[in-house]
Amino acid sequence: MKKNIIFFVIRALVSISLIDFILLNLGKENLQSFPSYLQNASYPFLFIAILFFAVAVTITTIRWKRLLEVQDVKLSFIEAFQLTFIGLFFSNFLPGTLGGDAVKLYYIAKHTRKNAGSLASILIDRVIGMSALIFIAIPVVLLNFRYPVVKNLSPLVFGLFAFFLITSFLFFNFKNTFLLKKLFKIRLFGIGDKIANFKKALVLYRKSKTILAFALSVSVIIQILVIFVCYFLSKFLNLNIPIVYLFLFIPIIQLIVAIPVTVSGIGTREVAFVFFFATTAGIIPKMDAFALSIVFYLVMVATSLIGGVVYLFKGGEIKKVDG
């Protein structure tokens with residue numbers, strides 16, 4: 001418990017440091033102009049953005065539900081929906097964007113006792129979601145290579161794609177190595193058995209290529225919806241951002257924000273938006289990029305309140321999970 005508190009404090013300090021850095025970089029005069037963004041905003045676009053984000057999270061529910069079925073964990077759509085939004089709600093207070101996954105894991109493992117299978121489903125769900133970001137960025141780079149900023153970012157995008165291909169190859173051709181066999185034999189706290197069970201759970205996905213293909217296809221749709229959330233928010237703030245830059249930068253920003261070094265991505269999100277849209281591409285002023293990052297975060301928080309309401313009505317419990 002003490003270790004978790006220490007890690008949380010460290011991540012909170014990182015968030016505070018990054019926010020302090022970006023605020024100092026923007027300057028007091030620019031920050032005082034923030035209310036004008038909301039005064040002159042086109043609010044119908046805000047409601048469209050919230051709707052698109054809610055739809056994206058709902059589709060995420062379907063993806064995770066199918067992945068859980070591979071582990072023989074049967075959830076109704078409503079149960080999966082509740083857990084997905086509860087996880088989203090708690091991700092507002094936990095490290096990175098991965099904190100909510102820990103909450104989902106707790107509920108599924110608690111009710112099914114399938115700890116390894118539950119963890120495997122969440123891990124694969126997250127990895128496939130991130131892989132979709134790369135699949136979106138690749139065609140954007142290829143079709144817009146004439147832009148200097150796209151050309152400069154291409155090594156990063158292609159590097160991530162190469163990493164995805166190598167990792168996928170290793171996953172589908174993975175065998176018990178000498179080191180892994182040694183790990184299986186660790187008896188302390190049952191670590192060896194836990195590693196073996198987790199490995200067996202992952203193997204189930206190697207035999208479920210159709211499910212993985214479905215999950216990846218759905219993930220691409222989800223990430224495109226998130227990109228359009230940012231597009232409508234830019235319209236909400238009356239910003240002129242070519243959509244090609246949203247398709248290029250948002251996937252990369254999402255990958256960066258997922259790194260669990262801050263609380264709920266606070267700090268990394270704002271710095272990333274300013275760095276890519278203002279500093280790197282120079283298509284909008286820094287304050288515009290910062291304002292876009294703030295409203296994007298607020299839309300996520302507003303949508304996640306559905307999970308908070310579900311959690312309160314359920315009394316902190318999801319009664320029924322079959323597995």
Report task. Starting from the Cα-Cα distance between E29 and I10, subtract it from 0.36 nm times their residue separation and give me the gain in nm to one decimal. Result -> 3.8 nm
Report task. Using the structure shown, list the pairs from K28/K151; K65/K110; K104/K235; K65/K235; K65/K314; K200/K314 with a Cα-Cα distance above 23 Å, or answer none. Result -> K28/K151; K104/K235; K65/K235; K200/K314
Report task. Give me V220, V127 ranked fewest to most by other Cβ atoms within 10 Å of their Cβ, as a rough exposure proxy. Result -> V220, V127
Report summary line: Taking Cα pairs closer than 8 Å and at least 6 residues apart, the relative contact order of the range 43-156 in percent is 19 percent
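Can you give the charge dipole size of the range 2-313 about its Cα centre, rounded to the nearest 20 debye, using +1 on the beta carbon of Lys and Arg and -1 on the beta carbon of Asp and Glu?
1560 debye
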Query raised in the report: To the nearest 20 debye, what charge dipole does the range 225-323 have about its Cα centre, counting +1 at the Cβ of each Lys and Arg and -1 at the Cβ of each Asp and Glu?
Result: 140 debye
Report task. With a Förster radius of 30 Å, plug the Cβ-Cβ distance of I78 and S217 into 1/(1 + (r/R0)^6) and report the FRET value to the nearest 0.05. Result -> 0.80
**Report entry** Charge dipole of the range 2-313 about the Cα centre (unit charges at C-beta), most positive-ward option of A120, I266, F34
**Finding:** A120
Report summary line: Length-normalised contact order of the range 2-313, Cα under 8 Å, at least 6 apart, in percent, tallies to 34 percent
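Taken together, the values in this text are just the output of simple stated rules run on the coordinates, not laboratory data. A quick note: this is a predicted structure, and the numbers were derived from the prediction, not measured. Cβ: placed from backbone, ideal geometry, glycine included. Neighbour counts: every protein chain shown.
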